[in-house]
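The values are calculated or read from the model by the stated rules, or taken from the named source; none is laboratory data. Note that the structure is predicted; figures quoted are calculated from it, not measured. As a convention, Cβ positions derive from the backbone with ideal geometry for all residues, glycine included, and neighbour counts pool all protein chains shown. Keep in mind that these areas ignore ligands, DNA and RNA; they rest on the heavy atoms of the full protein, side chains included. Shrake-Rupley method; radii C 1.70, N 1.55, O 1.52, S 1.80 Å.
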Amino acid sequence: MSALLATGDRRGERGLRIRSLTTAEHRACVTGCADASFLQYPSWAGVKDQWKSELVGWHGDSGELRGSALVLYRQFPGTRKYFAYLPEGPVADWADPEIDRWLQPLTAHLRKAGAFAVRIGPSPAFRRWDTARLKAATGPRRKVRDVLATEVDPLGTAVAERLRARGWRRCGGDGDAGNDADAQPRYVFQVPLAGRTPGDLWAGLNQEWRRNIRRAEKCGVRIVVGGAAELPAFHRLLRITEERDGFRLGRSLAYYQQQYAVLNAEEPGRMRLYLAVHEGEILAAHTMISTGRRVWYQTGASADHRREVRPSNALQWRMMRDALDLGAEVYDMRGVPSTLDPDDRPFGLLRWKLGTGGQVVETLGEWETSVGGAANNALYRAFQTYLARR
């Protein structure tokens, strides 16, 4: 990981100051935070090596580390200025009502580092919907946002209000456009694991999932944990899946090979490749990322043939049980579409994940602002125009 620059300490409001951190300091901070995303771990800078990177931390008057962040910097074409991006970060005390203690030192630091604007992804959730409520609400032109939430997180609501009051802009606004405007998914699907047993997880699956898992077992589908040697097979299946399901991640085999190597160099087993094998052939492959108390299903791929043996259901059942064995409190299945219309093609993905009995969670999404100054404000407006035309 390369640091963009070492800028030293800067005083923030009410005793917080920000400075560059070592990898060990930042790793200790994110490891100690149950809500920290894998995108904020130091290793992610090695995955996104086309961006410059820096690790920064907030310190109190007595020197204690209060929070930290991985900052990625991308140069804006034709300038010497950078767009700063904190993917699903920073790792901060979002419950602190004095949010300026965190935001002002950050924007001052980034401005001095050469950034003209910054995008962050606060960790508090915004709203949650239980599976039963969403299943009952499916229908033509229906959206998740049309359904009364099972739970509204007061902290998430407060953070959104505080950011908006200080001029931060929610990417994509407050509607479903955020699924496209945010770099990370605004709607995710999570299966709670804390305090549950494998029997509890099995009982939470719907009848179709249980039937499909039994069918996979009866047909002789074997679930194995692969390694780097099987990444080409995973990538081949991913291209098939993209063509079949009408999406394009645009990730090369080299990208996944680097991700696998970098994440597992930081912590062995951080990224795992699960394979569903039937009659000697890999029919499906899913990747999983673990940071301890949280586990993510990141990317899934499957073949077009022999789908009747249900390899993907078997894979997910094994991954959920392994996440439970790892002591994770949440199994995050990542992004889902916001449509509840059964005739919309993307609804199929949501329907599949709903079968696990978890929850759709609307995150706070991503927020942007200029770091201040007339020149930076003008460049940020040009940046927004540039993105709109791409």
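Structure data summary
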read-out: Answer residue from the stretch 176-196, given it is outside any loop (DSSP other than H, G, I, E, B) and at pLDDT below 95 and is most open to solvent (accessible area, probe 1.4 Å) among those; value: Asp180
read-out: Test result for Lys112, more than 20 Å from the chain's Cα centre (by Cα), basic (Lys, Arg) and more than 30 Å from Gly348 (Cβ to Cβ); value: yes
read-out: Arg162 being under 21 Å from the mean Cα position of the chain (by Cα) and of a type outside the set (Ser, Thr, Tyr); value: no
read-out: Only one of Arg127, Arg133 that is in contact (Cβ under 8 Å) with a residue 40 or more places away in the chain, charged (D, E, K, R) and closer than 29 Å to Phe189 by Cα; value: Arg127
read-out: Residue that is nearest to Ala165 (Cα to Cα) [pool: residues in the stretch 104-120 that are open to solvent by 10 Å² or more (accessible area, probe 1.4 Å) and in a helix (DSSP H, G or I)]; value: Gln104
read-out: Thr150 without any contact (Cβ under 8 Å) to a residue 40 or more places away in the chain and either touching a Phe, Trp or Tyr at 6+ places or on another chain (Cβ under 9 Å) or at negative phi (or both); value: no
read-out: Failed condition for Lys52, given (1) surrounded by fewer than 18 Cβ atoms within 10 Å (Cβ to Cβ); (2) among the basic types (Lys, Arg); (3) modelled with pLDDT of 95 or more; value: (1)
read-out: The stretch 359-383 residues that are basic (Lys, Arg), paired with ones that are modelled with pLDDT of 95 or more and surrounded by 15 or more Cβ atoms within 10 Å (Cβ to Cβ) (beta carbon under 9 Å, 6 or more apart); value: Arg381/Ser370
read-out: Helices (runs of 4 or more DSSP H) completely within the stretch 289-390 that count 1 or more residues being open to solvent by 10 Å² or more (accessible area, probe 1.4 Å) and farther than 27 Å from Lys218 by Cβ; value: 347-354, 374-389
read-out: Residue within the stretch 70-93 that is modelled with pLDDT of 95 or more, open to solvent by 10 Å² or more (accessible area, probe 1.4 Å), in a strand (DSSP E or B) and hydroxyl-bearing (Ser, Thr, Tyr) present; value: yes
read-out: Single condition Leu103 does not satisfy, out of (1) at pLDDT below 95; (2) farther than 26 Å from Asp332 by Cα; (3) not polar (S, T, N, Q); value: (1)
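Rundown of residues vs (1) in contact (Cβ under 8 Å) with a residue 60 or more places away in the chain; (2) open to solvent by 70 Å² or more (accessible area, probe 1.4 Å); (3) closer than 18 Å to Ser290 by Cα, yes/no style:
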| site | (1), (2), (3) |
| --- | --- |
| Asp174 | no, yes, no |
| Trp209 | yes, no, no |
| Ile213 | yes, no, no |
| Arg222 | no, yes, no |
| Gly227 | no, no, yes |
| Gly246 | yes, no, no |
| Leu253 | no, no, no |
| Gln258 | yes, no, yes |
| Gly269 | no, no, yes |
